[in-house]
Every structure is written in C-alpha cells, then in structure tokens.
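The values are calculated or read from the model by the stated rules, or taken from the named source; none is laboratory data. Note that this is a predicted model, so its numbers are computed, not measured. Positions of Cβ are backbone-derived with ideal geometry, glycine not excepted, and every protein chain shown enters the neighbour counts. Surface areas here come from the heavy atoms of the whole protein model, side chains and all, with no ligands, DNA or RNA. Shrake-Rupley method; radii C 1.70, N 1.55, O 1.52, S 1.80 Å.
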Amino acid sequence: MKRITSSFAVFMAALMVFAASFTFSGQADAAPIPAPSFSGVTVDGKPFSSASLKGTAYIVNFFATWCPPCRSEIPDMVQVQKAWESKGFTFVGIAVNEQEPSVKNFMKSNGMTWPVMMATPALIRAFNGYIDGGITGIPTTFVVDASGKLTGVIVGPRSKAAFEQLVSTALKAKAVKK
C-alpha cells in the first residue's frame, strides 16, 4: 500500500507541475475580433445577454467553486469589480460543472456582484471557437473591450494588478455607437 501511495504522490506532483506550466503562462492575445454573442439566465433567474453589455468593457470568466486557482483569483476580481464598475466595466461569470445552490452560496460568501450564469452547451459553444482546442481548463477568461472586440483569452488565474491592466486597456477602446 505504501508503494502505491508514494507512486500516486509522485504522479500527482508531476501532474501539478505540468498543469502549473500552463496555468501561469497561458495568456494569448488575440487580434481584436468581434466578441461572441451569448445569452442565458443568471443564477438569480434574470435573463442576460451580451447585447446588454454594448459599450461596456467586460471579462467573461469560466470558473468553478471547487477549483483552487479559480477560488484564488475571486478576491482580486471582487476588488477590481468594485473599483472599475462605475467606469463602465463588469465581470460575467460562467460556472462550470456546478450546482446552482453552491454557486449562489459561493457568490454571497465572496461578495461577487456581477452576473453569473450556469454553463450550458450553448454558452460553451459561443466561446470554444475563440481558443485553440476550445475551453479545456478553468479558469479561462475572455477579455472584451468597450468597442465589443475580443482582445484576449487567458487560461489560468490572474492577480489584481493583471486584471486592472486588462480592464484599463479594455476601457480605452471607444464604444461603438449604432
């Protein structure tokens, strides 16, 4: 039994090093292209769509309450939301492999005030084509500037400073008026 346990520990350590190499190096800046259109219902039961974000810079964050890297970036995201919301920014959360009550409790206990939807096949399809190989891990984040262009895709957690830089840049784009 001891041999299996130590083999398992070595395997898990190697897996974590492998995952960390992607987690901490996973930013890909896309050439600005129109952001995907999406819609759904928030965990609060309200309809929500990307159309309601016209002229707003936003970050769509695929996450899970059970995901340690996701959990680690939430406090920074809460601070960024508070600091930048009045300037025309919001996060949009998409909870992956979750139960709605768990997500609601997580949002409340962490002070998350932005819209959060449960992942659906349609939501995942809307974003899968914007990242090589599709969404294969979480957190995965899509940055959309105020003109409605997708300007970056990030795999792995980010710090408050990194989020603030992304938001600042996204807000500098001129909103498209129709």
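Listed values, structure above:
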| quantity | calculated |
| --- | --- |
| Scope region 38-54; condition in a loop (DSSP other than H, G, I, E, B) and either under 23 Å from residue 166 (Cβ atoms) or not hydrophobic (A, V, I, L, M, F, W, C) (or both); matching residues | 38, 44, 45, 46, 54 |
| Meets criteria (loosely packed, with under 13 Cβ neighbours inside 10 Å, at pLDDT 95 or above and assigned to a helix (DSSP H, G or I)) for residue 13 | no |
| Selection from region 37-54 of residues that are of a type in the set (Val, Ile, Thr) and either loosely packed, with under 10 Cβ neighbours inside 10 Å or closer than 20 Å to residue 89 by Cβ (or both) | 42 |
| Test for residue 118: is it surrounded by fewer than 20 Cβ atoms within 10 Å (Cβ to Cβ) and touching a residue at least 60 places away in the same chain (Cβ under 8 Å) | yes |
| Selection status of residue 141, among the β-branched types (Val, Ile, Thr) and open to solvent by 10 Å² or more (accessible area, probe 1.4 Å) | no |
| Selected residue (only one of 131, 135 is of a type outside the set (Ser, Thr, Tyr), within 17 Å of residue 34 (Cα to Cα), assigned to a loop (DSSP other than H, G, I, E, B) and within 14 Å of the chain's Cα centre (by Cα)) | 131 |
| Total residues in region 28-43, condition within 16 Å of residue 120 (Cβ to Cβ) and either at pLDDT below 95 or of a type in the set (A, V, I, L, M, F, W, C) (or both) | 3 |
| Residue tally, condition part of a loop (DSSP other than H, G, I, E, B), surrounded by fewer than 15 Cβ atoms within 10 Å (Cβ to Cβ) and touching an Asp or Glu at 6+ places or on another chain (Cβ under 9 Å), over region 55-110 | 1 |
| Qualifying residue in region 150-169 (condition: in contact with a Gly (Cβ under 6 Å, 6 or more places away or on another chain), hydrophobic (A, V, I, L, M, F, W, C) and buried (at least 16 other Cβ atoms within 10 Å of the Cβ)) | yes |
